[in-house]
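Just below is one structure, and these are the notes that go with it.
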Amino acid sequence: MLEMLGLYPQWYVPGIGTAWVMGIIGTIHVLASHTSVGAAWLFALLAQKSVSENKPEIMLYLKKYGMFLLVFSYIIGSITGPGIWYSVTVASPRGISGLIHNFVWLWASEWVFFFVEVIGVYAMVYLIGKIDNKTYLKLAWSFALASWATMILIVPILSFMMWPGNDQWYSTGSTFDAAFNLNYFAHLGIRTAFMFAVAGAVGGIIAATLKDRETRIEITRFLSKMGLAGMFLMLVMFMWYTATLPENARLIMETQMMPKYGSTLGALLLATLVYFIFTAWKPMYLRQGVAVVMTLAIGLFGLWPEERSRESMRKPYVAGQYIYSNQFFSRDVPGKGVVSDMPLIEAKGVLATNYFVPEELRKITPENQLRAGEVLTKIMCANCHSVESDGALRPLPPLFGHSDEPKMIQAYLDGALYHGKIPYMPRMPLPEDERAAMALYIASLSGYTPPAVAVSQATHSSSAKGVN
Amino acid sequence: MDVASTAAMLHTLQDPTGIPSHPLIFQVLMVFTWVPHILFVNISLGAALMGLYAFTKRHDPHWQKLSEAMTKVAKVGVSLLVVLGVAPLLFTQTIYDPQWYASNLLSASWVIGFIFTLTIGYLAWFTFYLKNHGDHAPGWIFWLGVFGLAMFFLDGFIMHVLAYQGLHPEKWVEWYTPDGHVDMSGNSVHAYELVRWGFFMAMSVTVFGAFLIAYGDYFKVRADRGPAYLAFARKLGSQIAFVGAVAQVVLLLGWMLDVPAALKIWTHPMSWLLLIYLGVLVAAFAVARGSDTQGQGYKLLTLSIGMAGLVAIFREVLRMAYMAPFNYSVLDYKVLWDVPSFVLFLLTIVGVGGLMGGFIITLVYKAGRVSGVYQADATVSRLGVGSVAATALWVAGFMAVGIWIWLSNNG
Ligand code: HEM
């Protein structure tokens with residue numbers, strides 16, 4: 001058994017919770033990065049077409065498209081990429097640390113691709129029309145492949161966050177066993193398909209402004225077909241993907257995600273299909289504004305649910321079904337020498353074993369009970385729940401029916417949570433006094449005033465120390 | 001927190017997963033991948049400042065041309081420095097995870113602020129760049145540029161805070177629980193060292209100056225950049241670099257005085273090596289300042305890159321000194337070798353980095369020196385084939401290995 005927990009300080013964001021901070025940055029990043037990879041392929045395909053069919057006007061389109069590709073997707077993608085990384089760092093330090101220590105060489109390989117990509121993107125934009133066609137094509141195809149490679153390299157990590165899908169990695173600890181997990185290929189398939197679909201929509205923003213009628217029709221049709229193919233592939237891959245998910249994820253998808261987002265996603269799917277079919281049929285009717293709206297709609301109504309679902313569906317874990325969202329190790333991983341935190345918190349609790357707890361809270365007393373309860377609740381629950389009644393992230397008071405009875409709340413902590421009976425919540429085998437303190441605090445959120453606090457408030461009202 | 005508890009805490013915080021190769025490999029990569037990051041930080045900050053200064057004198061054609069050019073350099077430079085920052089970020093988090101995560105969590109709001117300010121700062125700068133053309137560029141865009149640069153300075157400062165707070169593990173718990181009251185807001189900056197930050201800013205002056213001299217040399221074969229303009233750029237560059245190098249010496253001494261005496265940084269050979277090297281730089285730029293630097297640009301730039309290499313090593317030596325009392329040495333990190341993924345990295349950096357990177361850099365370099373359409377020579381042409389082949393083979397190879405492992409684990 002361990003002696004102390006390796007927990008870090010906690011960042012608590014009132015109202016929206018750290019999960020939403022990640023979701024917001026994640027959505028922007030996914031939209032930008034998939035657009036940029038899709039655009040890289042579009043660029044290569046169209047450059048090829050321009051050269052082999054001797055249509056220089058397509059190159060002119062690319063020159064225009066290139067600026068856009070550069071600003072919108074590549075730059076925003078490359079700043080928000082580290083942005084996700086930073087936000088995950090402060091939302092889930094042990095989660096990202098676990099991933100980094102497993103996948104550091106995959107990430108380092110991805111970085112090599114990033115580096116050649118960033119110089120490649122400038123080369124593509126500035127050298128268009130300034131170097132011979134053959135060399136330009138080599139550049140464009142290297143760039144397209146390299147962009148896709150960055151996706152090929154990040155998906156192992158993202159899909160491992162869901163689960164390894166078999167027991168191999170737990171005993172070998174091998175990076176490749178973790179990388180080529182059960183849902184890797186399905187996940188890669190969805191993202192690849194999505195990148196074509198979104199590039200089809202984004203391409204329209206520029207295509208709609210082309211002057212030459214024939215080129216405009218041709219390119220718009222090309223984009224529509226690419227978008228449709230992407231959508232179709234995405235549906236197929238999605239079906240495969242759901243078949244590779246763990247039980248808890250499928251449960252959350254069916255009971256929580258579908259009721260919440262199902263109709264939005266369905267409507268978006270329909271709208272996108274109509275959009276692509278219509279623009280293939282009547283390319284000249286496509287207006288720039290419509291393409292902008294379509295792109296934003298995909299981001300808002302498609303990616304936001306996707307990002308939130310991916311986060312929700314791997315509950316109670318944040319990575320590899322061995323790190324819980326609230327940063328505790330749920331099990332041993334013999335292949336890596338990782339030891340479960342559960343026996344330690346069962347024996348000694350969290351206050352005594354976490355370095356980042358004030359000395360005076362290490363032992364619960366009637367006077368500090370409420371403050372101890374607050375710290376504990378934030379450590380144990382805040383990754384997934386706001387404590388404010390009107391918080392955006394599954395707020396706790398309403399989930400307890402705004403109960404102000406510590407006993408009732410503690411019954412839940414003693415039973416379901418203690419034994420890990422809820423498929424989407426971590427097991428929390430905390431000692432009796434810590435559970436009592438949490439129950440007290442959660443009840444106080446709905447108006448309960450514990451006797452000890454009432455007394456001390458009456459005697460010296462200035463010593464309201466708490467967590468902010 | 002006392003030394004023994006701090007040491008115990010650091011070891012508990014280390015990720016129990018261990019690392020997949022010898023720590024020295026990560027340490028060397030961390031130090032040397034940081035060099036290009038800081039070089040582009042330096043060039044971008046310097047170029048942005050110069051772009052703005054020159055903008056105010058844009059009635060003069062030389063300054064106007066310089067303003068446009070430097071605005072563009074900063075635009076490209078920032079996007080490169082971001083990508084180049086990823087590698088040291090990865091390796092720091094691999095071997096100095098307790099320091100990095102604790103420091104980030106303690107100032108979490110700033111970490112998120114860093115991303116937002118970097119994004120809007122960059123968009124502001126980009127808009128300034130789009131409008132900064134010709135001598136009739138509207139005056140108001142100046143403030144857009146100033147805003148962008150201010151954000152970059154702020155972000156550099158946040159970076160500094162994150163690095164510096166990580167060096168004081170003995171204070172983390174105190175910072176997190178002031179007066180026994182737990183602060184989960186992440187709103188505070190707990191510690192910074194202005195001389196250290198100032199040193200990196202002075203370094204920007206030096207490196208940018210050297211860059212400007214090299215810029216003057218690079219374009220000398222282009223008929224559309226007049227020799228008078230290039231000489232103007234070189235002269236400006238050598239004056240700037242001299243000032244920067246002198247400021248660096250002063251700030252380095254200040255920095256070393258500020259480091260706790262117990263760390264004995266004054267007796268470390270690395271400190272003296274860096275001081276002496278900076279002395280040589282001061283002398284080199286003093287000479288350059290008084291003469292025509294034509295043809296000297298690459299030499300002076302290389303000299304400055306060497307300085308950045310020494311600064312990187314010095315930073316690490318200092319970090320090791322800060323960590324020594326806590327018995328924290330990266331060399332003790334638990335290692336569980338993972339050979340296949342390490343080989344993947346080596347193949348990627350040699351195959352893709354070498355061929356595709358080599359192709360693009362050679363192509364850009366050669367095409368940039370031609371005014372009209374550039375016709376690839378045999379070397380570039382062969383590199384191009386190598387570049388496509390290497391990336392295609394990489395994708396095919398990765399997929400093949402993946403399918404094989406997937407089938408044997410899930411079949
Ligand atoms: C305008 C933006 C930026 C500026 C001005 C900047 C500047 C700096 C400076 C001055 C340092 C040295 C700090 C010190 O040692 O006191 C530094 C270190 C560093 N930077 Fe940046 N940086 C920027 C963006 C980034 C980004 C986007 C990343 C990551 C993707 C990054 C990654 C790093 C890393 C990993 C270190 C080393 C930290 C350590 O060793 O603890 N930087 N940066």
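The values are calculated or read from the model by the stated rules, or taken from the named source; none is laboratory data. Remember, predicted model here, so these are calculated numbers, not experimental data. Cβ sites come from the backbone with ideal geometry, for glycine too, and all protein chains shown count toward neighbours. Areas reflect the complete protein model, heavy atoms only, side chains present, ligands, DNA and RNA absent. Shrake-Rupley method; radii C 1.70, N 1.55, O 1.52, S 1.80 Å.
Within the stretch B:1-24, the set of residues being in contact (Cβ under 8 Å) with a residue 40 or more places away in the chain, open to solvent by 20 Å² or more (accessible area, probe 1.4 Å) and of a type in the set (A, V, I, L, M) comprises B:MET1, B:VAL3, B:LEU24.
For the stretch B:159-194, the tally of residues that are part of a helix (DSSP H, G or I) and either more than 11 Å from the ligand (Cβ to nearest atom) or open to solvent by 10 Å² or more (accessible area, probe 1.4 Å) (or both) stands at 16. Are there any pairs, at least 6 apart or on different chains, whose C-beta atoms fall under 7 Å, with the first in the stretch B:383-397 and within 10 Å of A:LEU145 (Cβ to Cβ) and the second charged (D, E, K, R), and if so, which? Qualifying pairs under 7 Å: B:SER387/A:LYS138; B:VAL388/A:LYS138. Exactly one residue out of B:LEU310, B:LEU300 is within 16 Å of the ligand (Cβ to nearest atom) and touching a helix residue (DSSP H, G or I) at 6+ places or on another chain (Cβ under 6 Å): that is B:LEU310. Scanning the stretch B:103-112 for residues that are closer than 29 Å to B:MET320 by Cβ, more than 7 Å from every other protein chain (Cβ to nearest Cβ) and away from the ligand (no atom under 12 Å from the Cβ) returns B:SER107, B:TRP110.
The single residue among A:TYR441, A:TYR424, A:TYR448 that is modelled with pLDDT of 95 or more and surrounded by 14 or more Cβ atoms within 10 Å (Cβ to Cβ) turns out to be A:TYR441.
Residues in the stretch A:78-89 that are within 14 Å of the chain's Cα centre (by Cα) and touching a residue at least 24 places away in the same chain (Cβ under 8 Å): 6 in all.
Quick one: would you say B:LYS220 is in contact with a Pro (Cβ under 9 Å, 6 or more places away or on another chain) and of a type in the set (Lys, Arg)? Criteria met by B:LYS220.
Can we say B:SER67 is in contact (Cβ under 8 Å) with a residue 24 or more places away in the chain, hydroxyl-bearing (Ser, Thr, Tyr) and within 15 Å of the ligand (Cβ to nearest atom)? No; evaluated as a whole, the condition is false for this residue. Among helices (runs of 4 or more DSSP H) entirely within the stretch A:9-119, having at least 1 residues that are of a type in the set (Asp, Glu) singles out A:56-68.
Rundown of residues vs (1) out of contact with any Ser or Thr (no Cβ under 8 Å at 6 or more places or on another chain); (2) within 12 Å of the ligand (Cβ to nearest atom); (3) free of Cβ contacts under 8 Å to residues at least 60 places away in the same chain; (4) among the hydrophobic types (A, V, I, L, M, F, W, C), yes/no style:
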| site | (1), (2), (3), (4) |
| --- | --- |
| B:SER79 | no, yes, yes, no |
| B:VAL83 | no, yes, yes, yes |
| B:LEU89 | yes, yes, yes, yes |
| B:GLN93 | no, yes, yes, no |
| B:TYR96 | yes, yes, no, no |
| B:TRP100 | no, yes, no, yes |
| B:PHE114 | yes, yes, yes, yes |
| B:LEU123 | yes, no, yes, yes |
| B:LEU130 | yes, no, yes, yes |
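Taking the stated definitions as given, is B:VAL380 open to solvent by less than 20 Å² (accessible area, probe 1.4 Å), within 33 Å of the chain's Cα centre (by Cα), aliphatic (A, V, I, L, M) and at the interface with chain A (Cβ under 7 Å from one of its Cβ atoms)? Here the answer is yes, as B:VAL380 does meet what is asked. If you go through the stretch B:75-84 one residue at a time, do you hit one that is closer than 22 Å to B:ARG315 by Cβ, open to solvent by 20 Å² or more (accessible area, probe 1.4 Å) and touching a His at 6+ places or on another chain (Cβ under 7 Å)? Taking every residue of the stretch B:75-84 in turn, at least one turns out to be closer than 22 Å to B:ARG315 by Cβ, open to solvent by 20 Å² or more (accessible area, probe 1.4 Å) and touching a His at 6+ places or on another chain (Cβ under 7 Å).
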